Amino acid sequence: MKWLEHNLKSHFTVYLNIETLDKNFSIKKFLHSRTKFTRRLFGLEHPKNAVFLLDESKGINEEFRNALKLHFDENHIKSIIFCQQDISEVPELFKERIGNRIITLDRLSEEKAFELVRKRCGKISPFTEGAVTLIVDKSNYIPRKILENCEKVCMVLKGKKEITINDVQNVLKIKQEISQKSDSLSPMEESMLKILKEANKTAQELAELLKTTEGSVGKQLSKLIHKNLVKIVSHQRPKVYGLN
């Protein structure tokens, strides 16, 4: 949504998070207050090319939904973009108009997820890489959930300079997996532990030794970190992993 807001510079974009929207919000009053004086001279009471970006749009109430339809039908709003997890939750009034104009966003890669957290935290992030890995995995690689969980952890641990895996586990109530029995590990996890017992390795090195992809290795490393069997021994790129 923020990307759209940034790239629709030739339009008048309105970003609204429905979950936090004031109950007394009036589309009519809002559009009127944002209309340039020159347009008002011609009797127009709405900005040109208004595009509404509705985040968490499943929470739209009936009054807002009807007002949205009215202004859309009157061409006061050029486009409406609904952002939500399930298309079935889009208001019935708009489903036929949407048609097949649906964009399904894939889950983030691990690299993109880390980049998202770094950008939101700024130059100094309180999260250790292991903590970020756990949050990303817990959030199922979904951007909104990643940011929500990061915010939740920061709010609970307000002022803490370094947020670790244990901190994240406690705040998000994630059960710590400490069992090292072979029946709790996949064959690949067992192989990785054997390799790391001999020497620390990067994900790429492990992938080459195991004859698999770096992405597959990354997922297994995340699981082993959660089980407290593996840790990141060097945070410089490429990251180096070793036994905990």
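The numbers here are math on the coordinates, done by the rules we state, and not lab data. These numbers were taken from a predicted model, which means no experiment stands behind them. Neighbour counts are summed over all protein chains in view; Cβ atoms, including those assigned to glycine, are modelled from backbone coordinates with ideal geometry.
In whole angstrom, the chain maps to an equivalent ellipsoid with semi-axes of 47, 18, 17, each derived as √(5λ) from the alpha carbon gyration tensor and ordered largest first. Taking 0.36 nm per residue of sequence separation and removing the Cα-Cα distance, the SER33/SER79 pair yields an extension gain of 14.7 nm.
With unit charges on the beta carbons (Lys and Arg positive, Asp and Glu negative) and the dipole taken about the Cα centre of the chain, which residue among SER222, LEU172, ASN61 sits farthest to the positive side? Selected residue: ASN61.
Peptides 17-26, 184-193, 230-239 ranked from most to least packed give 184-193, 230-239, 17-26, packing being the mean of other C-beta atoms within 10 angstrom over each peptide's residues.
Just the C-alpha atoms of the stretch 2-98: what Rg/Rh do they give, with Rh taken as the Kirkwood radius? Let's see the in-between values first.
Working: Rg = 13.4 Å, Rh = 14.0 Å.
Answer for the stretch 2-98: 0.96.
Between the amide H of VAL240 and those of VAL233, SER234, distances stay under 5 Å, these residues lying 5 or more places away or on another chain, with hydrogens modeled in the peptide plane. In the stretch 110-171, the ratio of gyration radius to Kirkwood radius, Rg to Rh, stands at 0.91 when only Cα atoms are counted. When the P(r) of the stretch 35-170 is calculated, the portion above 27 Å amounts to 45% of the C-alpha pairs. At an R0 of 45 angstrom, the distance between the Cβ atoms of ARG65 and MET155 translates into a FRET efficiency of 0.90. Of all lysines in the structure, the ones whose alpha carbon falls short of 19 Å from that of LYS112, not counting any fewer than 8 places away in one chain, are LYS2, LYS123, LYS138, LYS145, LYS219, LYS223, LYS239.
Near the amide H of PHE127, within less than 5 Å, lie the amide hydrogens of ILE163, all on another chain or at least 5 residues away, with H placed in the peptide plane.
For the stretch 182-243, how big is the tail of P(r) above 14 Å, as a whole percent of Cα pairs? Numbers along the way, then the final one.
On the way: 924 of 1891 pairs.
Within the stretch 182-243, distances greater than 14 Å cover 49 percent of Cα pairs.
Over the chain, DSSP H runs of length four or greater, each weighted -39,500 (n - 2.57), average out per residue to a 222 nm ellipticity of -13000 deg cm²/dmol.
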